[in-house]
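Before any comments, here is the structure.
The values are calculated or read from the model by the stated rules, or taken from the named source; none is laboratory data. Given the structure is predicted, the values throughout are model-derived calculations rather than measurements. Don't worry about glycine lacking a Cβ; one is built from the backbone with ideal geometry, like all the others, and counts go over all protein chains shown.
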Amino acid sequence: MITSLKPIRFLAAAAVITMTAVCVGQAAPVRATAVAVAAPEIPDTPAGKQLRWLLDAATRPPIPESELKEHFALDFLQDFPADQLNQTLTAFKGMRLQELTRSESTLLIATVEAAGVLFNLSLSTNGVGLIDGLRFSQHIAPAPKDWAELDQRLSKLAPQAGFIAAEVTQDGTCRPVHAVAPGTARPLGSMFKLYVLGAVAERIASGAFGWDTQLTITPELKSLRSGELQNRPDNSKVSVLEAAKLMISISDNTAADLLIHKAGRKYVERTARAWGARDKRNTPLLTTREMFVLKGADYPRHTKKYLSRGTAGQRTYLDRVVAEVPLSRIAGWTAPRELDTLEWYASPAQVCQAFARLSKLPDKRVGEALSINDAGLALDKAQWPSVWFKGGSEPGVHDLGHLARTADGRSFVVTTLATNPKIPFDGARMISEQLGLTRGAFTLVKGS
């Protein structure tokens with residue numbers, strides 16, 4: 001029997017790996033459309049009845065305390081009162097049952113999906129059928145046993161996939177240990193923000209501005225979700241440091257655009273080229289707001305006009321036309337759009353080099369931003385005391401990149417770039433599988 005376990009609150013950071021999460025207007029992000037799967041039948045057992053109630057309750061929090069008392073054991077409620085339970089239910093609002101992995105009279109272990117992420121759920125009941133144990137943990141696919149298994153699973157992950165597992169040497173270069181199409185440039189989604197962070201850190205080192213410099217959140221610099229800065233009042237202030245942390249940890253798009261504006265678009269372009277990302281499609285380097293407009297406002301009119309121009313003409317079009325399109329004109333999209341022509345691009349090897357260059361910057365604030373969120377990878381801290389993460393996605397793109405340091409000071413990078421130009425990914429299952437491959441790769445690369 002599972003004893004009363006503290007409900008693990010929603011791992012919001014683990015869900016935030018999106019580039020520019022596609023939005024409908026300014027509403028909630030539209031994630032990759034999940035593949036329709038029939039929900040498993042819930043058994044008519046004490047645990048099954050409570051799971052059925054829990055799934056319903058997650059559609060309508062907050063739940064009155066009187067109702068919670070009808071479903072949770074008294075000792076559980078003493079440890080975790082109504083307000084705390086409702087915080088958990090709110091975080092998992094709308095969760096859906098994906099799979100039952102274990103079913104007994106008083107115990108159920110299942111996989112549920114919430115906000116585009118898969119979670120393991122364990123629920124147990126006492127002798128009178130009340131919940132006395134409830135636990136959520138992020139679902140991660142099993143780690144591959146060897147590189148051959150990783151390659152086989154990677155081939156099923158996406159029709160276009162790139163991978164690298166490499167050690168970062170003392171001179172700041174990447175020494176590949178295992179790779180699949182490491183030199184092929186693919187769409188990055190929000191992973192391009194690694195270059196923005198690098199450009200900002202370089203500009204700060206040169207004395208151009210500081211981490212405490214205040215940025216003004218003007219209406220013309222606001223973007224759409226993911227993030228939170230777009231919700232702050234017009235002309236309010238945010239420091240460069242806070243913007244950098246939000247840009248990396250929750251992939252805040254407005255934060256990225258503010259930092260591009262402060263560092264200078266052309267400076268970010270130069271940083272990307274200097275760090276190895278020399279794809280011509282990265283110039284001009286688009287802000288997230290510009291990407292939203294080109295792909296989501298009166299599509300495909302702006303896209304065609306923009307792509308028909310040379311670099312100078314594209315810069316002019318961004319300044320004179322795209323900048324004048326209000327956010328309210330942007331409509332969301334759920335199918336892949338222009339992945340070969342409108343995105344940010346780098347190869348797995350180039351992404352590795354970006355992580356390596358960031359790791360060699362002396363400013364500790366860079367590591368602070370990159371280590372806030374590990375996307376739920378949860379490596380053993382005794383073996384991997386420092387883990388950095390940045391990922392990115394839009395319909396048809398799903399990328400994960402990590403740098404982790406061992407206890408003895410060695411650094412490794414594992415990056416997976418997955419693209420499907422025809423159909424969107426099932427985002428929840430992609431995260432689970434990519435994290436499983438990444439976790440396995442760190443084990444394999446460390447032993448190489």
Across segment 136-176, what is the number of residues that are buried (at least 21 other Cβ atoms within 10 Å of the Cβ) and on the phi > 0 side of the Ramachandran plot?
-> 0
Ala441: part of a loop (DSSP other than H, G, I, E, B) and within 15 Å of Leu379 (Cα to Cα), yes or no?
-> no
Test: residue in segment 423-430 that is within 20 Å of Val268 (Cβ to Cβ) and surrounded by 23 or more Cβ atoms within 10 Å (Cβ to Cβ) | no
Could you name every one of the strands (runs of 3 or more DSSP E) located completely within segment 140-237 that has at least 3 residues being out of contact with any Asp or Glu (no Cβ under 9 Å at 6 or more places or on another chain) and small (Gly, Ala, Ser)?
-> 160-168
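Does segment 161-184 contain at least one residue that is in contact with a Phe, Trp or Tyr (Cβ under 9 Å, 6 or more places away or on another chain) and of a type in the set (Asp, Glu)? Give the steps one after another, and end with the answer.
Pass one, segment 161-184, residues in contact with a Phe, Trp or Tyr (Cβ under 9 Å, 6 or more places away or on another chain): 165-168, 174, 177-182.
Filter once more, keeping what is of a type in the set (Asp, Glu): 167.
Yes.
Among the listed residues Lys390, Lys446, Lys360, which satisfies the condition of being in contact (Cβ under 8 Å) with a residue 24 or more places away in the chain, basic (Lys, Arg) and crowded, with 21+ Cβ neighbours inside 10 Å?
Values: Lys446 fails: crowded, with 21+ Cβ neighbours inside 10 Å; Lys360 fails: crowded, with 21+ Cβ neighbours inside 10 Å.
Exactly one of Lys390, Lys446, Lys360 is in contact (Cβ under 8 Å) with a residue 24 or more places away in the chain, basic (Lys, Arg) and crowded, with 21+ Cβ neighbours inside 10 Å, namely Lys390.
Got at least one residue in segment 364-373 being of a type in the set (A, V, I, L, M), at pLDDT below 95 and either surrounded by fewer than 19 Cβ atoms within 10 Å (Cβ to Cβ) or closer than 26 Å to Glu343 by Cβ (or both)?
From segment 364-373, those of a type in the set (A, V, I, L, M) are 366, 369-370, 372; that's our starting set.
Narrowing the set further to residues that are at pLDDT below 95 leaves none.
Within segment 364-373 (the criterion being of a type in the set (A, V, I, L, M), at pLDDT below 95 and either surrounded by fewer than 19 Cβ atoms within 10 Å (Cβ to Cβ) or closer than 26 Å to Glu343 by Cβ (or both)), the answer is no, since none of the residues qualifies.
Can we say Thr125 is at pLDDT 95 or above, closer than 25 Å to Asp44 by Cβ and in contact with a Pro (Cβ under 7 Å, 6 or more places away or on another chain)?
Values: at pLDDT 95 or above: yes; closer than 25 Å to Asp44 by Cβ: yes; in contact with a Pro (Cβ under 7 Å, 6 or more places away or on another chain): yes.
It is true that Thr125 is at pLDDT 95 or above, closer than 25 Å to Asp44 by Cβ and in contact with a Pro (Cβ under 7 Å, 6 or more places away or on another chain).
Find the residue count for segment 251-271, including only residues that are among the small types (Gly, Ala, Ser) and within 21 Å of the chain's Cα centre (by Cα).
First, pick out the residues of segment 251-271 that are among the small types (Gly, Ala, Ser): 251, 255-256, 263-264.
With the extra rule that they be within 21 Å of the chain's Cα centre (by Cα), the set shrinks to 251, 255-256.
Total meeting the criteria: 3.
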Would you check which residues across segment 75-99 are in contact (Cβ under 8 Å) with a residue 12 or more places away in the chain, assigned to a helix (DSSP H, G or I) and of a type in the set (A, V, I, L, M) and list them?
-> Ala82, Leu85, Leu89, Ala91
Six or more apart or on different chains, Cβ under 8 Å: which pairs go from a residue in segment 178-191 that's assigned by TED's automatic domain parsing to the domain that holds Ala346 to one that's surrounded by fewer than 24 Cβ atoms within 10 Å (Cβ to Cβ) and of a type in the set (Val, Ile, Thr)? Could you list them?
-> His178/Val445; Arg186/Thr419; Pro187/Thr419
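Being without any contact (Cβ under 8 Å) to a residue 40 or more places away in the chain and at positive phi is the filter here, so list the residues in segment 293-341 that pass it.
Looking only at segment 293-341, we keep the residues that are without any contact (Cβ under 8 Å) to a residue 40 or more places away in the chain, and these are 293, 297-322, 324-326, 329.
The answer is Asp298, and nothing else.
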Are there any pairs, at least 6 apart or on different chains, whose C-beta atoms fall under 6 Å, with the first in segment 100-125 and touching a residue at least 40 places away in the same chain (Cβ under 8 Å) and the second surrounded by fewer than 18 Cβ atoms within 10 Å (Cβ to Cβ) and not in a strand (DSSP E or B), and if so, which?
-> Leu100/Pro40; Ser103/Pro43; Ser105/Thr45; Ser122/Ile2; Ser124/Met1; Ser124/Ile2
